[in-house]
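Please treat every number below as a calculation from the coordinates, not as lab data. What you see is a predicted model, and the numbers here were worked out from it, not measured in a lab. Backbone-built Cβ (ideal geometry, glycine too); neighbour counts: all protein chains shown.
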Amino acid sequence: MAEFSQFGGGGRLRHLLTLDGLEPDLIRELLDRAGAWLSRPGELPRRGHELQGWTVANLFAEPSTRTRASFELAALRLGADAVNLDMMLSSRAKGESVLDTIYTLQAMQVDVFVIRDAEPGVPEYVARHVEPQVSVISGGEAHLSHPTQGLLDALTILQYKGGFRDLAVTIVGDVRHSRVARSASTALAALGVGELRLVAPAELMPDADEFPGALRFESFDAGIAHADVVMMLRIQRERIAATPQPDLARYHELYGLTAARLHRARPEAIVMHPGPMNRGVEISTDVADGPQSVIRRQVTNGVAIRMAVLAHIAATRRGCAL
Amino acid sequence: MAEFSQFGGGGRLRHLLTLDGLEPDLIRELLDRAGAWLSRPGELPRRGHELQGWTVANLFAEPSTRTRASFELAALRLGADAVNLDMMLSSRAKGESVLDTIYTLQAMQVDVFVIRDAEPGVPEYVARHVEPQVSVISGGEAHLSHPTQGLLDALTILQYKGGFRDLAVTIVGDVRHSRVARSASTALAALGVGELRLVAPAELMPDADEFPGALRFESFDAGIAHADVVMMLRIQRERIAATPQPDLARYHELYGLTAARLHRARPEAIVMHPGPMNRGVEISTDVADGPQSVIRRQVTNGVAIRMAVLAHIAATRRGCAL
Amino acid sequence: MAEFSQFGGGGRLRHLLTLDGLEPDLIRELLDRAGAWLSRPGELPRRGHELQGWTVANLFAEPSTRTRASFELAALRLGADAVNLDMMLSSRAKGESVLDTIYTLQAMQVDVFVIRDAEPGVPEYVARHVEPQVSVISGGEAHLSHPTQGLLDALTILQYKGGFRDLAVTIVGDVRHSRVARSASTALAALGVGELRLVAPAELMPDADEFPGALRFESFDAGIAHADVVMMLRIQRERIAATPQPDLARYHELYGLTAARLHRARPEAIVMHPGPMNRGVEISTDVADGPQSVIRRQVTNGVAIRMAVLAHIAATRRGCAL
């Protein structure tokens, strides 16, 4: 199969399926642009016309309030029409193939597909087949990739820490099955993060050839020591059952972020979580709502990142137009 | 727990969770403003820019075509972006708490949450926790409160009767479990209704300390005599099973509004129903579609009331802005 | 019951429930107007203001991504507000009658109802009851009628063949249960198609009094010979089970369109399918994606036809306004 590239002309993104291969300058540009879409607290959100006349279709095969709503609002605030399709409930239920659904929507002049699917490879498969003027953005692909989440995590760290070079970032939980961890680590590596640490029980630790350069810890206490950023992952209850700590209370004791444990990080460390949180499991409520938590800022940054990505893709297309 | 107030600055509404405590002047202002959003029959609906740039999220945990669509259209016709979230199908299904869903959407800069939930206290619980610039409107709270319904009922009565002072209003059916009856009676009491009557079988009559001043009747024929307004409530089939008249035909005979029974009211009495109707149970089809029925006007007024409430809240916020 | 007419003033459409009775000139006008809504490949879709201030409600009782999305985009691109209601999941679930749902939405000032329902007669039943300024468009009615599909099929043939007079059009598959076949044949007959052929196993052939003038073939090879247009229909798997060829492979052998069989048609014949396709059953993948396939063009034309119908209905209403 031919090499696939998510880039259009001039090294600019036509699609966004993964952060792999993105130049640091491009990532920094996207973070910078996203920052410009943020408004001050209490103000109405910034709006633009970059997607006026465009149609964005959100195709989410998993239920997901937050990411779908985030993309929908990003599209609407840039002037696009947005249509939501639950692929499991619609034509796929009649046996239509994914690609025929895409071809159909493309023929209705959908310009951007935002796709979340539990099956690996779906976004690239779609992106390989759409027409030249159509773009695909991954809204989360299996355990592999969640590029806008990686960007919003990087933006959040940048806002609070001013840079990446001197930071120790600790990612905690089910790293093995986490697209959030993969995309965050790719972004952070590209941006030159000082030290990336993974904390997980052995069963949930990724294979050795993944996360190059990351330090690995089974002990949360060891992995969090003097960290600048503590990024907690959502744990699936069924994953816990597969570990030697098969109950929630025991998991919380070993891998839950509590105030006591957070004291081992740097005093000004920030706490992140991609949501939705299992309060009392991977994170205690006092930490989730505490002064070091930047979890809600991540969500706000998520809309801004998605606006930046959509506007970037629109600019790429205009640059390519004859 | 600290006292909660739904008011913002200057005695104006920041939230709308209940009609309890609303000054008559404020209710009259809302009815007046709603009237200004009505167009003439056959004309396109009035539109405004009061919510331009705002985002309204409709969170409905119960299926409800009419109220959700009414709020959605009210928001769109004022220029807002509207997103619909079925809370039962989305992140709550993953175990996310109500509050985390709210915080997440708030962080995406949702300005107004319209919330319908079967559990008492959810709207206030949310309103206590949102940021100062965010508003909550109840779209129906358990059996307790349905404030926009109460306002639209008052508006409808005002349109047809010109006032409240000399009226006898009869509310009929499952008053005990009805948020519609509670909000209507609060509005009518504030507006100085002449006489409020409740008609219900004993099992469906509210406790004695509720509906102060209302006259109570087990006999529909007695309660409807010379009434100016007959407000029928929707009956749940499972409620009928709990009464001594456990079948639909018998319930209809005792508590259904028929043309014959309507003759006992004043000749110019109006017939109301919040919908959806059980035709042939609490109301006969000839009455529902007859010349005294104002049921469709209630629906039209519902959109106008929701526009008035949204615009009022937007004005409150602008008044508070620095 | 009184005669029903879908026409408003001046022989123009107020509703669109069926293509029966449409004058050829009116059909040609709609095709012509639809053509004007098409943009060049890669360009953004054309937009208009014809429905500015209007509200279009899509009521689909069957799951159907493509047609619902097509109507939604047509409405949005003409400036309307669009609300989607899954009637099976909303107030009907509470026992509300279809008509009360319609009356409620009408009272919210919905201007156009797009209705798809498996039950025959629902669109006309609704159209008989709505107020004079409200229109109903069928989005597919049982096995009977799918008028916008018939128009988009005619438009597609016109684009590729320049006319209808000298054409042989072959419709293949479950003609008996197909609203697509019925509406296409009505449109083609009105436009003076040269020859209409139906190909189906006996069990799936319509009754003799339907499709007047059409030639009928049990043999696909006979029916496709020298055809200019081959219109494949979607087969329901449960229908196959009712034929003497009760498995998919056997059905494909007898009634599937393969490259070999397509060779029997004229060399420049076009291949159509209303979607969603059962690839490998009624159509082979190489034909579906081959150079003679115009299936995606049909989808694009579908949005344009729906915009033309909506704009036509809006013009009818403006013409009638006092």
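Between B:Trp54 and residues 5 or more places away or on another chain, which pairs have amide H atoms under 5 Å apart, with H built 1.01 Å from N, and which residues are they?
B:Asp81
Using a 10 Å cut-off around each Cβ of peptide C:40-52, what is the average number of partner chain Cβ atoms that fall inside?
Working: counts 0, 4, 9, 4, 9, 8, 2, 3, 0, 0, 0, 1, 2.
That works out to 3 on average.
Through the Karplus equation 6.51 cos²θ - 1.76 cosθ + 1.60, θ set to phi - 60°, convert the phi angles of segment C:256-267 into ³J(HN,Hα) values in whole Hz; use x for Gly and Pro.
Result, ordered by residue: x, 8, 10, 4, 4, 6, 4, 4, 6, 6, 4, x Hz.
For segment A:307-314, take each phi angle, set θ = phi - 60°, evaluate the Karplus expression 6.51 cos²θ - 1.76 cosθ + 1.60, and give the result in whole Hz per residue in order, putting x for glycine and proline.
Once rounded to whole Hz, the list reads 5, 5, 5, 4, 5, 4, 5, 5.
Taking H as built 1.01 Å from N, whose amide H comes closer than 5 Å to the amide H of B:Met231, not counting residues under 5 places away?
When sequence neighbours closer than 5 places are left aside, the close amide H contacts are B:Thr170, B:Ile171, B:Val172, B:Met272.
Give me the number: length gained by fully extending A:Asp32 to A:Glu3, i.e. 0.36 nm times residue separation minus the C-alpha to C-alpha distance, one decimal in nm. Walk me through the numbers before you get to the answer.
Numbers: separation 29, 0.36 × 29 = 10.44 nm, distance 2.98 nm.
Taking 0.36 nm per residue and subtracting the Cα distance, the gain is 7.5 nm.
How large is the Kirkwood hydrodynamic radius of chain C, counting all unique pairs of alpha carbons, in Å?
On the way: mean 1/r = 0.0496 Å⁻¹.
Answer for chain C: a Kirkwood hydrodynamic radius of 20.2 Å.
Can you tell me the alpha carbon radius of gyration of segment C:240-290 divided by the globular rule-of-thumb value 2.2 N^0.38 Å? Show your work: numbers first, answer last.
Working: Rg = 11.5 Å, N = 51, 2.2 N^0.38 = 9.8 Å.
Compared with the compact-globule rule of thumb, segment C:240-290 sits at 1.17.
Relative contact order for chain A: what percent, with Cα pairs under 8 Å and sequence separation of 6 or more?
Averaging sequence separation for qualifying contacts and normalising by length gives 20 percent for chain A.
Arranged from highest to lowest average of other beta-carbon atoms within 10 Å per residue, in what order do the peptides B:152-160, A:9-17 appear?
Details: B:152-160: 23.7, A:9-17: 18.1.
In decreasing order of mean packing, B:152-160, A:9-17 become B:152-160, A:9-17.
Take chain B, connect every pair of alpha-carbon atoms lying under 10 Å apart with a spring to form a Gaussian network, then pick out the residue of B:Pro274, B:Pro132, B:Pro41 with the largest mean-square fluctuation.
Largest GNM mean-square fluctuation: B:Pro41.
Just how large is the dipole of segment B:241-317 about the Cα centre, in debye to the nearest 20, putting +1 at every Lys and Arg Cβ and -1 at every Asp and Glu Cβ? List each step's numbers first, then the result.
On the way: 9 positive and 6 negative charges, 70 e Å.
So the magnitude is around 340 debye.
Let me know the mean shielding of C:297-303 by other chains, meaning the per-residue number of their Cβ atoms within 10 Å of its Cβ. Before the final figure, lay out each step's value.
Numbers: counts 1, 2, 7, 5, 1, 3, 3.
Shielding by partners across C:297-303 averages 3.
If you take each beta carbon of peptide A:71-80 and count the beta carbons of other chains within 10 angstrom, what is the mean?
Values: counts 0, 4, 8, 1, 1, 4, 5, 0, 0, 0.
Partner Cβ neighbours, averaged per residue: 2.
Taking only Cα atoms, what is the 0 to 90° angle, nearest 10, from helix B:147-161's long axis to the longest principal axis of chain B?
50
Could you please point out the chain A residue with its Cβ nearest to the axis of the rotation taking chain A onto chain C, and the distance in whole angstrom?
Whole-Å result, nearest residue of chain A to the axis: A:Asn84, 5.
Helix B:179-190 against the longest principal axis of chain B: what's the angle in degrees, Cα atoms only, rounded to the nearest 10?
Roughly 90 degrees between the two axes.
At q = 0.14, 0.17, 0.21 Å⁻¹, what log₁₀ I(q)/I(0) does a Debye calculation on the Cα points of segment B:147-295 give, no solvent, two decimals?
Normalising to I(0) and taking log10 leaves -0.58, -0.88, -1.42.
Want the number for A:Glu131 to A:Ala249: 0.36 nm per residue separation, take away the alpha-carbon distance, what's left?
Working: separation 118, 0.36 × 118 = 42.48 nm, distance 5.06 nm.
This chain segment gains 37.4 nm when fully extended.
Report, in whole Å, the centroid distance computed from the Cα atoms of segment A:224-270 and segment C:7-58.
That distance is 59 Å.
With the cut-off at 1.5 for a/c, could you classify segment A:134-223 from its C-alpha gyration tensor as rounded, prolate or oblate? Can you show the working numbers first?
Working: a/c = 2.08, a/b = 1.15, b/c = 1.81.
In terms of gyration-tensor shape, oblate.
Starting with the fewest neighbours, write out A:Glu210, B:Glu119, A:Glu238 ranked by other beta-carbon atoms found within 10 Å of each beta-carbon.
Values: A:Glu210 14, B:Glu119 11, A:Glu238 7.
With the sparsest Cβ surroundings first, the list reads A:Glu238, B:Glu119, A:Glu210.
If you take the square roots of the eigenvalues of the alpha-carbon gyration tensor of the protein assembly as shown and sort them as a ≥ b ≥ c, do you get rounded (a/c under 1.5), prolate (a/b over b/c) or oblate? Walk me through the numbers on the way to the answer.
Numbers: a/c = 1.83, a/b = 1.00, b/c = 1.82.
The shape class here is oblate.
Could you identify which residue out of A:Ala308, A:Ala225, A:Ala34 has the top mean-square fluctuation in a GNM of chain A using Cα springs shorter than 10 Å?
Residue with maximal mean-square fluctuation among A:Ala308, A:Ala225, A:Ala34: A:Ala225.
For label points placed 7 Å from Cα toward Cβ, what is the shortest-first list of nm distances from A:Ala208 to its copies?
Nearest first, the other copies' label points are 8.1, 8.1 nm away.
Quick query: amide H of B:Gln133 versus all other amide H atoms, modeled in the peptide plane; which residues come in under 5 Å with a sequence gap of 5 or more or a different chain?
Close amide H contacts, sequence-distant or interchain: none at all.
Residues of segment A:223-266 with the amide nitrogen closer than 15 Å to a label point 7 Å from the Cα of A:Ala118, along Cα-to-Cβ, please.
Output list for this probe position: A:236-239.
Which one of A:Val294, A:Ala308, A:Gly319 is farthest out on the positive end of the charge dipole of segment A:279-322, using unit charges on Cβ (Lys, Arg +1; Asp, Glu -1) and the Cα centre as origin?
Of the candidates, A:Gly319 comes out farthest on the positive side.
So how tilted is helix C:65-77 from the main axis of chain C? Cα-based, degrees 0 to 90, rounded to 10.
Computed tilt is about 50 degrees.
Per-residue HN-Hα couplings for segment B:194-210, Karplus 6.51 cos²θ - 1.76 cosθ + 1.60 at θ = phi - 60°, whole Hz, x for Gly and Pro?
Result, ordered by residue: x, 8, 10, 10, 10, 10, 6, x, 3, 5, 10, 8, x, 4, 5, 7, 9 Hz.
Please rank B:Phe217, C:Phe7, A:Phe220, fewest neighbouring Cβ atoms within 10 Å first, as an exposure proxy. It would help to have the intermediate numbers written out before the result.
On the way: B:Phe217 18, C:Phe7 15, A:Phe220 23.
By the 10 Å Cβ count, ascending: C:Phe7, B:Phe217, A:Phe220.
Return a whole-number percent for the relative contact order of segment A:147-294, with Cα pairs under 8 Å and 6 or more residues apart as the contact set. If you can, show how the numbers build up before the last one.
Values: 272 pairs, mean separation 34.8, N = 148.
Here the relative contact order equals 24 percent.
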